[in-house]
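S.K.: Take a look at the following structure, please.
Every number here is computed from the coordinates shown, using simple stated rules; none is lab data. Just so it is clear, the structure is predicted and the values come from calculations on it, not from any experiment. Because the Cβ atoms are built from the backbone with ideal geometry, glycine has one as well, and the counts that use them run over all protein chains shown.
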Amino acid sequence: MAAPGQNLAVVVHRAGDLRLENRPIPEPGPDEVLLRMHSVGICGSDVHYWQHGRIGDFVVKDPMVLGHEASGTVVKVGSGVTHLKPGDRVAIEPGVPREMDEFCRTGRYNLSPTIFFCATPPDNGNLCRYYKHSASYCYKLPDNVTFEEGALIEPLSVGIHACKRAGVTLGSKVFVSGSGPIGLVNVLVAKMMGAAAVVITDLSASRLQKAKEVGADFTIQVKNETPQEVASKVESLLGCMPEITVECTGVQACIQAGIYATRSGGTLVLVGLGPEMVTVPIVNAAVREVDIRGIFRYCNTWPVAIALLASKRVNVKPLVTHRFPLEKALEAFETTKRGEGVKVMLKCDPTDHNP
């Protein structure tokens with residue numbers, strides 16, 4: 001058990017090498033706050049850095065603290081911080097622009113090439129007891145929003161950004177491919193934004209059951225169907241081809257199914273990241289004017305997400321299926337790697353393991 005003055009952290013050193021270590025408690029700069037971390041979710045990217053030591057061009061060269069789905073309590077504020085005070089409960093937006101470039105000026109700061117992002121090399125994440133962060137990217141949580149809901153704003157934001165980029169609106173018919181945490185938040189958000197019907201696919205029956213719980217209208221358990229067969233099942237369940245497809249797996253066959261399934265003139269949003277090169281029926285998409293859009297994380301979503309959670313319009317609580325104290329982080333990572341449950345939550349405050 002770490003002494004109160006210690007800062008236990010989950011650190012990846014290289015592929016396959018994950019450790020619990022004590023780090024010094026950081027001192028917040030003028031525009032920063034020091035947080036006592038409470039709840040941090042484990043993301044697929046955290047597991048990927050642990051297993052492979054890299055994601056694309058982002059390579060772990062030095063030991064890096066993992067974690068970017070997080071909430072905590074302010075314990076100290078920098079001299080320039082006015083909107084937060086010690087004792088405030090906050091949700092953390094992990095991406096902080098380092099400079100006011102063209103992307104920041106147009107409101108798309110997530111695309112800034114020099115952005116700081118928790119747990120993306122070389123930037124440390126917040127899966128630790130104490131963490132300092134830019135105060136402008138810490139958002140105060142209302143009393144009726146729990147720490148875990150605050151931590152889940154990060155994955156929820158991916159759903160908000162994806163559904164906005166997709167143009168989900170009243171009456172939309174939506175196909176979500178993949179029923180992991182990101183697929184599920186896209187179901188939640190699409191329904192919230194007025195989708196009339198959402199169909200979701202996955203290999204796992206238990207994940208599809210969870211999708212039903214959070215509001216999916218139809219589920220398809222994919223076995224060994226061709227992409228065209230999946231597309232045709234989607235159409236028969238919805239009674240038409242969906243205007244919008246949100247692809248959350250990154251798997252080549254799923255991207256292909258997404259193109260075949262989307263109605264002419266519709267939109268396919270690619271959320272899941274797989275291999276760098278994939279083979280897709282691009283001519284099929286082109287001649288049917290199917291717009292293919294990418295998304296990169298999110299921007300300007302925290303205030304929206306907090307409003308949705310505070311008003312109880314969106315319920316993310318069913319996503320959390322496992323909880324571990326920070327000391328058992330390695331066990332928690334193994335659980336996530338095995339694909340058990342949906343969202344594994346680490347509890348970083350030894351004095352408070354409540355949601």
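S.K.: Rounded, prolate or oblate for segment 159-294? Axes are the square roots of the Cα gyration tensor eigenvalues, ordered a ≥ b ≥ c, and the cut-off for rounded is a/c under 1.5. Let's see the in-between values first.
M.R.: On the way: a/c = 1.35, a/b = 1.15, b/c = 1.17.
Here segment 159-294 falls in the rounded category.
S.K.: Separate question: Quick one: order Ser204, Ser45 by neighbouring beta-carbon count within 10 Å, fewest to most. Kindly include the intermediate steps, with their values, before the conclusion.
M.R.: On the way: Ser204 14, Ser45 17.
With the fewest neighbours first, Ser204, Ser45 line up as Ser204, Ser45.
S.K.: If I model a spin label as a point 7 Å beyond the Cα along the Cα-Cβ vector, how far apart are those points for Glu340 and Asp31 in nm?
M.R.: 4.3 nm
S.K.: State the extension gain, in nm to one decimal, for the chain segment bounded by Glu331 and Ser311, taking 0.36 nm per residue of separation less the distance between their alpha-carbons.
M.R.: On the way: separation 20, 0.36 × 20 = 7.20 nm, distance 3.47 nm.
3.7 nm is the gain from fully extending Glu331 to Ser311.
S.K.: Based on Cβ point charges of +1 for Lys and Arg and -1 for Asp and Glu, what charge dipole magnitude is obtained for segment 159-294 about its Cα centre, in debye rounded to the nearest 20?
M.R.: Values: 12 positive and 11 negative charges, 55 e Å.
Its charge dipole is roughly 260 debye.
S.K.: Sticking with the crude label model, points 7 Å out along Cα→Cβ, report the distance from Lys212 to Arg19 in nm, one decimal please.
M.R.: 4.7 nm
S.K.: Next question, about the same structure. Can you sort Tyr130, Tyr109 from fewest to most other Cβ atoms within 10 Å of each residue's own Cβ?
M.R.: Numbers: Tyr130 22, Tyr109 18.
Arranged by neighbour count, lowest to highest, Tyr130, Tyr109 become Tyr109, Tyr130.
S.K.: Assign unit charges at the C-beta atoms only (+1 for Lys and Arg, -1 for Asp and Glu), then state the dipole size of segment 256-336 relative to its Cα centre in Debye, rounded to the nearest 20. It would help to have the intermediate numbers written out before the result.
M.R.: On the way: 9 positive and 6 negative charges, 91 e Å.
Dipole of segment 256-336, to the nearest 20 debye: 440 debye.
S.K.: Pull out a ≥ b ≥ c, the square roots of the eigenvalues of the alpha-carbon gyration tensor of segment 283-339, then state rounded if a/c is under 1.5, prolate if not and a/b is larger than b/c, and oblate in the remaining case.
M.R.: Details: a/c = 2.93, a/b = 1.53, b/c = 1.92.
Oblate shape, in that a/c is at least 1.5 and b/c is the bigger or equal ratio.
S.K.: Shifting gears a bit: Can you pull the three principal axis extents for the Cα set of segment 1-82, in Å, largest first?
M.R.: Principal-axis extents of the Cα atoms in segment 1-82, largest first: 40, 31, 22 Å.
S.K.: Assign unit charges at the C-beta atoms only (+1 for Lys and Arg, -1 for Asp and Glu), then state the dipole size of the chain relative to its Cα centre in Debye, rounded to the nearest 20. Walk me through the numbers before you get to the answer.
M.R.: Working: 37 positive and 36 negative charges, 98 e Å.
Computed about the Cα centre, the dipole is about 480 debye.
S.K.: Would you list Val60, Val222 from fewest to most Cβ contacts within 10 Å? Present the calculation step by step, with values, prior to reporting the outcome.
M.R.: Values: Val60 23, Val222 20.
Lowest count first: Val222, Val60.
S.K.: Another one. Test of understanding: what is the full-extension gain from Asp101 to His52, defined as 0.36 nm times their sequence separation minus their Cα-Cα distance?
M.R.: Values: separation 49, 0.36 × 49 = 17.64 nm, distance 3.19 nm.
Here the segment from Asp101 to His52 would lengthen by 14.4 nm.
S.K.: Work from the charge dipole of the chain (Cβ charges, +1 for Lys and Arg, -1 for Asp and Glu, about the Cα centre) and give the residue of Leu20, Ala310, Tyr298 farthest towards its positive end.
M.R.: Result: Ala310, furthest along the dipole toward the positive end.
S.K.: Still on this structure: Using a 10 angstrom cutoff on alpha carbons, build the Gaussian network for the chain and name the most mobile of Ile182, Ile42, Ile220.
M.R.: Ile220
S.K.: Related question: For Arg108 and Ser136, what does the FRET efficiency come to when R0 = 25 Å and r is the distance between their Cβ atoms, rounded to the nearest 0.05?
M.R.: Working: r = 17 Å, r/R0 = 0.67.
Computed FRET efficiency for Arg108 and Ser136: 0.90.
S.K.: Would you mind calculating the relative contact order of the chain from Cα pairs under 8 angstrom and at least 6 residues apart, reporting the percent as a whole number?
M.R.: On the way: 842 pairs, mean separation 61.4, N = 355.
Dividing the mean separation by the residue count of the chain yields 17 percent.
S.K.: With an 8 Å Cα cut-off and a minimum separation of 6 or more residues, compute the relative contact order for segment 159-294 in percent.
M.R.: Working: 307 pairs, mean separation 31.4, N = 136.
The value is 23 percent.
S.K.: Pull out a ≥ b ≥ c, the square roots of the eigenvalues of the alpha-carbon gyration tensor of segment 68-174, then state rounded if a/c is under 1.5, prolate if not and a/b is larger than b/c, and oblate in the remaining case. Display every interim value, and only then the final one.
M.R.: On the way: a/c = 1.86, a/b = 1.30, b/c = 1.44.
Since a/c reaches 1.5 but b/c is at least a/b, the shape of segment 68-174 is classed as oblate.
S.K.: For the cross-link pairs Lys85/Lys312; Lys132/Lys317; Lys61/Lys343; Lys210/Lys343; Lys210/Lys317; Lys191/Lys317, which exceed 18 Å when the distance is taken from alpha carbon to alpha carbon? Working shown, then result.
M.R.: Details: Lys85/Lys312 26 Å; Lys132/Lys317 26 Å; Lys61/Lys343 28 Å; Lys210/Lys343 11 Å; Lys210/Lys317 12 Å; Lys191/Lys317 16 Å.
Correct reply: Lys85/Lys312; Lys132/Lys317; Lys61/Lys343.
S.K.: Rounded to the nearest 500 deg cm²/dmol, what is the calculated helix-only ellipticity per residue at 222 nm for the chain, with -39500 (n - 2.57) per DSSP H run of length n ≥ 4? Don't skip to the end; give the middle numbers.
M.R.: On the way: 11 runs with 99 residues, N = 355.
Here the helix-only value at 222 nm equals -8000 deg cm²/dmol.
S.K.: Any idea what the relative contact order of segment 152-205 is, in percent, if you count C-alpha pairs under 8 Å spaced at least 6 apart? Walk me through the numbers before you get to the answer.
M.R.: On the way: 78 pairs, mean separation 22.7, N = 54.
Relative CO of segment 152-205 lands at 42 percent.
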